[in-house]
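The block underneath contains the structure these notes are about, expressed in C-alpha cells.
What follows is calculated from the coordinates using simple rules that are stated; it is not laboratory data. If you're wondering where the values come from, they're calculated on a predicted model, not measured in any experiment. Because the Cβ atoms are built from the backbone with ideal geometry, glycine has one as well, and the counts that use them run over all protein chains shown.
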C-alpha cells in the first residue's frame, strides 16, 4: 500500500477508484465500503484509494470537542493495509482546508490530483464548505468531470447499523463485547512499555506499563480486561488493569494521567519489554477496579482474575 502524507504530495500515476472519510476504527461498516471500493478495481487499471483526514475534523472545527478516536494513524494504516487497499492519502485537516467550496474540492483535488474515475460513497455524505453539498451534487459533478458515483443506499448502511460513535460509547461503558462485534476485531491499545514502581512484581504479578503517546486515543473504562499481544511473533495472553491502582496498606502506584495507568500482566512470560512498542488486543472485560483492604485480599483477587482469564481463553 502506498501511503501519502498530504494530497498535494500525491504523484499522479493511474486513475483511481476513491472513497473519502475519517474511517475512525475501520469498523464493519467502513469495511463494507472498502470492500466495494476494492471490488471496482478488479480487472481494471484503477487504484483503490482512500482519502482520509487528520486531525479529526471535529477536533479542528469544534473548540470544545473532547472526541477521542478509536484508532491512531498508525493503527488505522495497519488495518487498511491488511484489507488490500492500494493507496492511502492522509491529508492535514485545517480550517483553511474546510473552507474549500464543493467544486474546488472535487475539481482541484479529486479530479485533477487524484484522477478519480469512480467514487464510492454513502447516501448521506456531505462535503465542501459548511458541508453544504450532498450526494446529488457529487453525481452532478461526476457528469461534468467524467467520473461515476457508486452510492451506497440507506438500507445497506442501516442493515449494519454501526457507527464509530456507538463504538466509542460502548468502550466508555466497558462494553467490549459490543465494541468488538462492531469493529470486527479486538479493540487495540498500542504503546511503549515503560518502567513502573515494581509493585506488581512484589505481588508476584509483574506488569508491563503501557504508555500511549497519542492523547486523542480512546482509553476504555477503568477496570480489568483479558488481553493478548503478539511479541516476537508469538501470541501471549494476559490481563490488563486500567485505572488508578487503589491504595492497599500503603502500596500505591501514581496515577498515570488522563485515565490512570495501563498495566498488563502476561501469563507464562518473563521477557524484558522495556522501551518496546507493543499492541495489546482487548478481548473481554472482567470487572471494575476497586480498593482492597489488604495486600492478601488483592493477591487473592488477582489470582481469581487470572483463573477467570485462563478459563475464558480456553473456551
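Hull surface divided by four, with the convex hull built on the Cα atoms of the chain: how many nm²?
Dividing the Cα hull surface by four gives the mean projection, 18.1 nm².
Express in % the proportion of alpha carbon pairs of the range 260-315 at distances exceeding 13 Å.
73
Looking only at 195, 217, 118, which one moves most when the chain is put into a Gaussian network model with springs between Cα atoms under 10 Å?
195
Need one number for the range 186-314: average projected area of the convex hull over its C-alpha atoms, nm².
The Cα convex hull of the range 186-314, projected and averaged over all directions, gives 7.3 nm².
Between the range 261-275 and the range 60-132, what is the separation of their alpha carbon centroids in Å?
Centre-to-centre distance over Cα atoms comes out at 37 Å.
List the equivalent ellipsoid semi-axes of the range 122-254 in whole Å, largest first, each obtained as the square root of 5λ for an eigenvalue λ of the Cα gyration tensor.
Values for the range 122-254, descending: 45, 15, 15 Å.
Calculated from DSSP H runs of 4 or more alone, at -39500 (n - 2.57) each and per residue, what is the 222 nm mean residue ellipticity of the chain, nearest 500?
The helix-only estimate for the chain comes to -8000 deg cm²/dmol at 222 nm.
Can you give me the distance in nm between label points at residue 104 and residue 78, each placed 7 Å from the Cα along the Cα-to-Cβ direction?
For the pair residue 104/residue 78, the computed spacing is 3.8 nm.
Roughly what percent of Cα-Cα pairs across the range 2-165 reach past 29 Å?
11
In whole Å, what three semi-axes, largest first, describe the equivalent ellipsoid of the range 83-166 built from its Cα gyration tensor (square root of 5 times each eigenvalue)?
21, 17, 15
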